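Notes to accompany the following structure.
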Amino acid sequence: MRVKPISGFPEHLPADCLAEQELIRQIRTQYELYGFSPLETCAVERMDVLLSKGDMGRQIYGLTRAAEDDSSTDMGLHFDLTVPLARYVVQNAGQLVFPFRRYQIQKVWRGERAQKGRFKEFYQCDIDIVGRQSLDPIYEAEVPAIIDSVFSALKLPQHIIHVSDRRIWDDFAATFDIAADRLPALLGILDKTHKVGVEKVREELSQLGFGEQPVTVAMNLIACHDIASASAVLSEAGVPTTSLELLSETIENANRFGCPASAIRPDFSIARGLDYYTGTVYETFIDGYLKWGSVCSGGRYDNLTEIFGGQKFPGVGISIGLSRLFSLLKQEDLIQSEASSPAVVLVTMLDKNNYFDQYLNLARELRGAGIPTEVYFGKKGLGDQISVADKRGIPFALIAGETEFANQQFKLKDLAKSEECTGSLAELISQLQTHAATNRARFVLSGK
RNA sequence: GUGGAUAUAGCUCAGUCGGUUAGAGCGCUGGAUUGUGGUUCCAGAGGUCGCGGGUUCGAAUCCCGUUAUCCACCCCA
């Protein structure tokens, strides 16, 4: 049987796995700094739950076997982490403390044509804050501040969080008597302006029956990138600016949380998810890499649990598209995976026959001191052993033979500096612990 | 899901008009160097030319199908 990759299901070599896991660790650390609890939900959901968000049917991977197992209920893999959260919250509402703050880092699956930075299986790193009956709008400002913290901590090139608010377009639609369900079509076409040009957009919109005045106002609005000019456009057209003021407050509050004004900006062209978001919406881009699309999106949704009945659970959340982000960093050469092994030291074996147990003891001591350690068990000479450490990216080699064991003075070689020092095991351990290598980055980020 | 481009060694790629035994660099293996890697020098291994079929005396090269990758849509992280 021939083996080959499956389209859209990426796999990494160890060095990239290590780098990606390190990104996840840093994201998790930031999420926990903001007091979010971890959550993992099952990969499988009932199909009617998955379809509760809207028309995602074409993207869902259905499961044949699961349906056979469980009475005839159709099942599928989750395509995001928000729908499982909504189901989970309704199911466990009695035992959760609200507002419920959780983060969730898991793979999701979407049956779309794979492309660069677009996969069928990928990681999402979600945070959401879910209230019971109500949710203070302050959380709509906290979310972008958290994302700013995460991206700043990752030391990526500058990120820009684009924000808008669905209610601004609701006001717009009410003013011009446009049905709410026609908004996505309107924005979808408007968003293509920079590609197809103003004339083409006007033509398409007029074919769809949008009047000339609303189209002009809408085009003027999406051209705005600050509150003041947007306010002017809306006022002149007679559209209420109350929702715009809410967005303005949200941005100001995000600034108070520590998200600098340079990292967050209004963008009225965001058309994403307008069918289920009910308030603020977010899309995050890496400056200079707009072609890669949004690496982190979300918004406020008041009605996501509507279909399950019972109480309302309004929420606000956002998701980092980790697989896309990592793929961007790699392909744009913004990240270099440094090592294929997490080990900090390789215990070499000069004299396996006489000191085998002693080598194992050295390793045990090192690991006991919290130093990730690999022992060389091959049959090659010292030069090749050091070479193995080098190829794996292990920064140190511990060298011991007859003399060293006799004196209990061992050699520690720093491969990068090609320097060697001698000392007792305790001395070498403390050197390894204080050395930056123990907490060394598993990748190097360039930029910023 | 629709349309298009691409596929040669582990990697990056050459390969003329369809013509004998498909090449290079890097990497890999061995040696110079049996207690010290990276540099250098020498030698070597490694290919169903993505896969399947067709045309032809003869196919990496032309045709069809298929799979993967990339691009544009759709949509989205």
TODO: Find out how many positive minus negative residues lie around A:Ser269, taking Lys and Arg as positive, Asp and Glu as negative, among other residues whose Cβ is under 15 Å from that of A:Ser269.
DONE: 0
Open item on the list: Loop only by DSSP, 14 or fewer other Cβ within 10 Å of the Cβ. Give me the trypsin sites (Lys or Arg not before Pro) in the stretch A:133-174 that pass, ordered by residue number.
Closed with: A:Lys155
Open item on the list: Taking the Cα centre as origin and putting +1 on Lys and Arg beta-carbons and -1 on Asp and Glu beta-carbons, what dipole magnitude results for the stretch A:323-400, to the nearest 20 debye?
Closed with: 200 debye
Open item on the list: Name the residue from A:Leu154, A:Asn353, A:Ala19 whose Cα lies farthest towards the positive end of the charge dipole of chain A, charges +1 on Cβ of Lys and Arg and -1 on Cβ of Asp and Glu.
Closed with: A:Asn353
- [ ] Pull out the extension gain between A:Asp287 and A:Glu112, defined as 0.36 nm times the separation in residues minus the alpha carbon to alpha carbon distance; nm, one decimal.
- [x] 60.4 nm
- [ ] Pop a pseudo-label 7 angstrom from the Cα along the beta-carbon direction at both A:Glu420 and A:Arg132 and give the gap in nm to one decimal.
- [x] 6.7 nm
Task: chain A: angle of helix A:322-331 to the longest principal axis, Cα-based, in degrees nearest 10 - done: 70 degrees
Open item on the list: Given a Förster distance of 45 Å, report the FRET efficiency between A:Asn92 and A:Lys379 from their Cβ-Cβ distance, rounded to the nearest 0.05.
Closed with: 0.20
TODO: Would you pull out the residues with amide H under 5 Å of A:Phe410's amide H, same chain only if 5 or more places away, H placed 1.01 Å from N?
DONE: A:Gly423, A:Ser424, A:Leu425
Task: Phi to ³J(HN,Hα) by Karplus 6.51 cos²θ - 1.76 cosθ + 1.60 over the stretch A:21-31, Hz, x for Gly, Pro - done: 4, 5, 4, 4, 4, 5, 5, 4, 4, 5, 4
Task: Extreme residue, positive dipole direction of chain A, given options A:Ser297, A:Val3, A:Ile307 (C-beta unit charges) - done: A:Val3
TODO: Could you work out how far the C-alpha centroid of the stretch A:114-134 sits from that of the stretch A:188-234, in angstrom?
DONE: 29 Å
TODO: Based on the mean of other Cβ atoms within 10 Å per residue, sort peptides A:342-351, A:237-246, A:175-184 so the most packed one is first.
DONE: A:342-351, A:237-246, A:175-184
Task: Simple label model, 7 Å out from Cα along Cβ direction - A:Leu13 to A:Gln431, nm - done: 3.1 nm
Open item on the list: For the ranges A:136-148, A:195-207, what's the packing order if you count other beta-carbon atoms within 10 Å of each residue, average per peptide, and put the highest first?
Closed with: A:136-148, A:195-207
Task: Dipole moment magnitude, nearest 20 debye, chain A about Cα centre, only Lys, Arg, Asp, Glu C-beta charged - done: 1160 debye
TODO: Would you mind working out the magnitude of the charge dipole of the stretch A:345-445 relative to its Cα centre, with +1 at each Lys and Arg C-beta and -1 at each Asp and Glu C-beta, to the nearest 20 Debye?
DONE: 440 debye
Task: Per-residue HN-Hα couplings for the stretch A:168-177 [Karplus 6.51, -1.76, 1.60; θ = phi - 60°; Hz; x = Gly/Pro] - done: 4, 6, 4, 4, 4, 5, 5, 4, 9, 6
Task: Calculated from backbone phi, Karplus (6.51, -1.76, 1.60) coupling profile of the stretch A:148-153 in Hz, x at Gly/Pro - done: 4, 4, 4, 5, 5, 5
Task: Distant-in-sequence amide H partners of A:Phe313 (H built 1.01 Å from N, under 5 Å) - done: A:Gln133, A:Thr305
- [ ] Identify the residues of the stretch A:156-172 with backbone N under 18 Å of a label point that sits 7 angstrom from the Cα of A:Thr242 along the Cα-to-Cβ direction, or state none.
- [x] A:165-172
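FYI, it's all coordinate maths here, none of it is from the lab. Remember, it's a predicted structure, so these values are computed and weren't measured experimentally. Note that each Cβ is placed from the backbone with ideal geometry, even for glycine, and that neighbours are counted across all protein chains shown.
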